[in-house]
Amino acid sequence: MKKFLLMTVCIIAAAAGAFGETLNLDQARTLALAYSRSLAKYNLLIQSSILNERSQLFTMIPSISANYNAALAYLNKNWGFNSASDGFSAGAHLELTQVIFTGGKNFIQKKINSIATESVRKDALAEYFNVLDSVDSAYYSVLEAQANLESAENSLKTALLSLSMAEIRQASGMIGQGDYLKALADKESYENARNQARRNVTLAQTKLKSLIGISDLPDLEPVDFDSFENLMQYLSVISDDDANALFERFNQIVTQSNPSLARAALNSQTAEKNLSLAKRDPMPTLQATVFSSDITYTPSAGFNTTPGGGVYLSGSIPIDFWVLNNNIQKSKVAVNSAALDYLSTESSLQTDLQSSLLGVFSQTGSVISTRRSLDYAQKNLEYVMERYKLSQSSVSDLSDAQALVSSTQAQLIQAEYGFLQSLSTLRSLGAIDDQAKLISLLTGESS
């Protein structure tokens, strides 16, 4: 958490020079963390919670107060008016009060405030990874949209080539009107897909710019999928035993590090402390007040100090036991509720973890298999294109071959970036901010 608090200052200092002509993912994360209003708010909440802790600490040390008064009596006992010097008087009184005994409630309240501060820090940590997830998703969405745009443009080029050849053959009577209209329809369809892909790129860029707080988005550095090749090859053939061991390994990390689960545990501790506090409400309280001599002043007599001073003890014992017992019962209900919340959070996180790991396995398998499918589809398109040039394949044959390439390429793009999104989800569940560590955990190298 100290790292998190110091990071805010470091991020803001680095944000101004975070990128030049291109922007990579790490730089986008830096800008998003610096620009996040929610993280800035959590920073203020942490400061406020620390001040609350200090306020509770101050209640355990002596408090000093000075009382003063001034009066002007304008009527005397004969119902006449006094002069200002006769009717004016002033005085001051100094007191020092120390709480002696509260049944330990002050110490319990101090612990409750300390837990509250730690809970806010866990919320801030959860928001930290939430910001990372958001910027990762936006960054990948831009790259995915750009990849789809490139694919759509390639498909349009093929459709334009097919149409130009169909126009020549239709003019020479080599093909019928139906084949020509088919080529024309394919061209219009792929052109519309290209235009939609352009809009998707613009929308994705707009979202990313809103997260990192810049108006002009530079070119994004592409993801180096080769750096994930060993991981994908390992996960694509992982055995059931290794998959179960991987789940147990990540489940242990989530139990130890996940901020949501840690916050649920802190809430449970707070409920238990509140119960302990309620049980101490019937305890008597005692405090001592040390008071000084009174100092008075009148215009006629000047300053006058009355000799004296002493110690005044006061205390209280609550006797409304029906109210106290009701508060204890309410606190017990809160303890049970917090315990159920913890179990629910733990169960939900286990489900999310299992879903994320299965997502990684599924996306990895899709990437590997779709790569092969795309290779076959592209070779088939090249074969059909050569036959089309020789008038041995029809417009429909070429259209089907191109459609197969387009759909397979879209599946590959979706699988690749889905794989990256699954890694981001795993990172947040385990509160792991080091990608190299995440990969080593997935491959079992750190075990």
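The values are calculated or read from the model by the stated rules, or taken from the named source; none is laboratory data. What you are looking at is a predicted structure, and each value in this text was computed from that prediction instead of being measured. Here Cβ is always computed from backbone atoms with ideal geometry, including for glycine, and neighbour counts include all displayed protein chains.
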Next item on the list: Determine if segment 198-206 includes at least one residue that is outside any loop (DSSP other than H, G, I, E, B), more than 28 Å from the chain's Cα centre (by Cα), free of Cβ contacts under 8 Å to residues at least 40 places away in the same chain and closer than 22 Å to Q414 by Cα.
Entry: yes
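Quick test for you: out of T296, T270, pick the one residue that is over 30 Å from A415 (Cα atoms), crowded, with 16+ Cβ neighbours inside 10 Å, among the hydroxyl-bearing types (S, T, Y) and modelled with pLDDT under 80.
Just a single option satisfies the conditions, and that option is T296.
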Margin query: List pairs: first residue in segment 29-56 and without any contact (Cβ under 8 Å) to a residue 24 or more places away in the chain, second residue part of a helix (DSSP H, G or I) anywhere in the structure, Cβ distance under 7 angstrom, at least six positions apart or on different chains.
Written below: T30/I11; T30/A14; T30/A15
Margin query: Take the residues in segment 222-254 that are under 25 Å from the mean Cα position of the chain (by Cα) and either of a type in the set (S, T, N, Q) or at pLDDT below 90 (or both); name whichever of them is nearest to Y417 (Cα to Cα).
Written below: N251
Next item on the list: Under 8 Å between Cβ atoms, at least 6 apart or on separate chains: pull out the pairs that start in segment 424-438 with a residue that is farther than 19 Å from L261 by Cβ and end on any residue that is part of a helix (DSSP H, G or I) and of a type in the set (K, R).
Entry: Q435/R427
Next item on the list: Evaluate the following for A401: is it buried (at least 19 other Cβ atoms within 10 Å of the Cβ), of a type in the set (A, V, I, L, M) and either assigned to a helix (DSSP H, G or I) or in contact with a strand residue (DSSP E or B) (Cβ under 8 Å, 6 or more places away or on another chain) (or both)?
Entry: yes
Check: Looking at (1) modelled with pLDDT under 75; (2) within 23 Å of Q205 (Cβ to Cβ); (3) surrounded by 12 or more Cβ atoms within 10 Å (Cβ to Cβ), which is the one condition that is false for C10?
Finding: (2)
